[in-house]
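Participant: Got a structure for you, written out below as structure tokens; questions coming shortly.
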Amino acid sequence: MAPVVAAAPQVLVDESTRLANSTVARIVKASKGGSLSDPTIKKQCVEKLQKINGELKGRIADADALAAHEAMKAGITGALGCDHTKLISVLCTRTKAALQRTRQAYRRAYDKDLAKEVASETSGVLGSNYGKMMAYALDKDDEYVADLIHAACHGMGCDEGALIELCLTRSPEQLAAGKKCWEGRKDKALFDYLGKELPDITYKNLKYLLLEILKGKKRWDAPVDEARAAKNADFIKNNGKGMFASMDVNKVADCLLCGPPSETRLLAELYEKKYGKSLKAKLEKKGPKVWCKAATALLVTPEEFVAMRLEGAMKGLGTTEKKISPVAGRVGPFF
């Protein structure tokens, strides 16, 4: 302990010197008598720090692009295959924004798309769902939506769970951009495509709900209308009332979609408070099973829904990596 105590004064001196030579200190000193309380000097400091921060982010992106290239192409590992450990350490420790800067830096340095390079290098036996996760992580928001639609509908059958997750965790603006991206790639109308991929015999009601969301009916930034939520709670209670009565699930879907997400959650609270039962139980009792997956998901936040999906993927024996890959590859907030 003695050496540490003895070194403490020097640490304080070093820190004092560092602070005296910081960017902010130099700007204040150059103002000749000014201080940080001066709005003009404060603005100069902020602008300078923002510039330095931007330059630092660019340098980090350049370094990450080089490291990713070396992991996939350079040296012995490049000849034998991808150094997955190195690639993971480079790409899986960055935010979505940082990954986009790295993707741009990679394009400048090697004239190739990093996302496609990573997908190619991680698609073998060691890749599979890990490779898909990496590709999703490098996607822009519109590419992520387009890629997930393709993954959910391409091939045999349809992964309705992936479509539900996509529609309920992406904003209307992100979905609209993703729709445009998908249609640009495929030269098809997305609504017509989903109409075929979600046949009425199995998905009629779910298709109505998802297409309404894709049309932008549920606005995330719309104001909450408590009176409307209360009215809709009463409507849902009386819809399909009785042991043998059926529920008009499309009209119920309209009730769930007519306000922002916070209003839908308020509707569920008002329903439970007034009728002593959960709205989730009502929907599950009267609605088709596959439709209920989406309808009940509207009653929770996007974060809670994704947590439920992850918990379900890891429940029981083994883990359903296919479900986890898109979620883990999102690498960023929902909003």
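The values are calculated or read from the model by the stated rules, or taken from the named source; none is laboratory data. Note that the structure is predicted; figures quoted are calculated from it, not measured. Every residue, glycine as well, gets a Cβ built from its backbone with ideal geometry; the counts of neighbours run over all protein chains shown. Calculation scope for accessible area: heavy atoms of the full protein, side chains included, ligands and nucleic acids excluded. Shrake-Rupley method; radii C 1.70, N 1.55, O 1.52, S 1.80 Å.
Participant: Return yes or no: is residue 292 in contact with an Asp or Glu (Cβ under 7 Å, 6 or more places away or on another chain) and either closer than 13 Å to residue 168 by Cβ or surrounded by 17 or more Cβ atoms within 10 Å (Cβ to Cβ) (or both)? Step through it out loud before you land on a result.
Facilitator: Numbers: in contact with an Asp or Glu (Cβ under 7 Å, 6 or more places away or on another chain): yes; either closer than 13 Å to residue 168 by Cβ or surrounded by 17 or more Cβ atoms within 10 Å (Cβ to Cβ) (or both): yes.
Here the answer is yes, as residue 292 does meet what is asked.
Participant: A further question on this structure: Could you say whether any residue in segment 118-141 is within 14 Å of the chain's Cα centre (by Cα), in contact (Cβ under 8 Å) with a residue 40 or more places away in the chain, under 25 Å from residue 188 (Cβ atoms) and outside any helix (DSSP H, G or I)?
Facilitator: yes
Participant: Of all residues in segment 1-29 being at pLDDT 75 or above and over 30 Å from residue 97 (Cβ atoms), which is least open to solvent (accessible area, probe 1.4 Å)?
Facilitator: It comes out as 28.
Participant: Now for a separate question. Answer yes or no as to whether residue 251 is surrounded by fewer than 16 Cβ atoms within 10 Å (Cβ to Cβ) and among the charged types (D, E, K, R). Step through it out loud before you land on a result.
Facilitator: Working: surrounded by fewer than 16 Cβ atoms within 10 Å (Cβ to Cβ): yes; among the charged types (D, E, K, R): yes.
Yes; evaluated as a whole, the condition is true for this residue.
Participant: Test residue 120 against the stated conditions and say whether it is farther than 25 Å from residue 312 by Cβ, surrounded by 14 or more Cβ atoms within 10 Å (Cβ to Cβ), out of contact with any strand residue (DSSP E or B) (no Cβ under 8 Å at 6 or more places or on another chain) and modelled with pLDDT under 90.
Facilitator: Details: farther than 25 Å from residue 312 by Cβ: yes; surrounded by 14 or more Cβ atoms within 10 Å (Cβ to Cβ): yes; out of contact with any strand residue (DSSP E or B) (no Cβ under 8 Å at 6 or more places or on another chain): yes; modelled with pLDDT under 90: yes.
Here the answer is yes, as residue 120 does meet what is asked.
Participant: For segment 302-318, indicate whether the set of residues that are outside any helix (DSSP H, G or I), modelled with pLDDT of 80 or more and either farther than 23 Å from residue 147 by Cα or of a type in the set (D, E, K, R) (or both) is non-empty.
Facilitator: Start the filter on segment 302-318 by keeping residues that are outside any helix (DSSP H, G or I), which leaves 314-318.
Retained after the next criterion (residues that are modelled with pLDDT of 80 or more): none.
Checked segment 302-318: no residue is outside any helix (DSSP H, G or I), modelled with pLDDT of 80 or more and either farther than 23 Å from residue 147 by Cα or of a type in the set (D, E, K, R) (or both).
Participant: Which residues, taken from segment 170-190, are open to solvent by 60 Å² or more (accessible area, probe 1.4 Å) and within 21 Å of residue 298 (Cα to Cα)?
Facilitator: So in segment 170-190, the residues open to solvent by 60 Å² or more (accessible area, probe 1.4 Å) come out as 173, 180, 184-188.
The one that is open to solvent by 60 Å² or more (accessible area, probe 1.4 Å) and within 21 Å of residue 298 (Cα to Cα): 173.
Participant: Restricting to segment 215-233, name every residue that is open to solvent by less than 80 Å² (accessible area, probe 1.4 Å), in contact with a Leu (Cβ under 9 Å, 6 or more places away or on another chain) and assigned to a helix (DSSP H, G or I).
Facilitator: 228, 229, 230, 232, 233
Results for (1) in contact with a helix residue (DSSP H, G or I) (Cβ under 7 Å, 6 or more places away or on another chain); (2) more than 24 Å from residue 286 (Cβ to Cβ); (3) among the β-branched types (Val, Ile, Thr), shown as yes or no for each residue.
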| residue | (1), (2), (3) |
| --- | --- |
| 169 | yes, yes, yes |
| 176 | no, yes, no |
| 185 | yes, yes, no |
| 203 | yes, no, no |
| 212 | yes, no, no |
| 223 | no, yes, no |
| 228 | no, no, no |
| 248 | no, no, no |
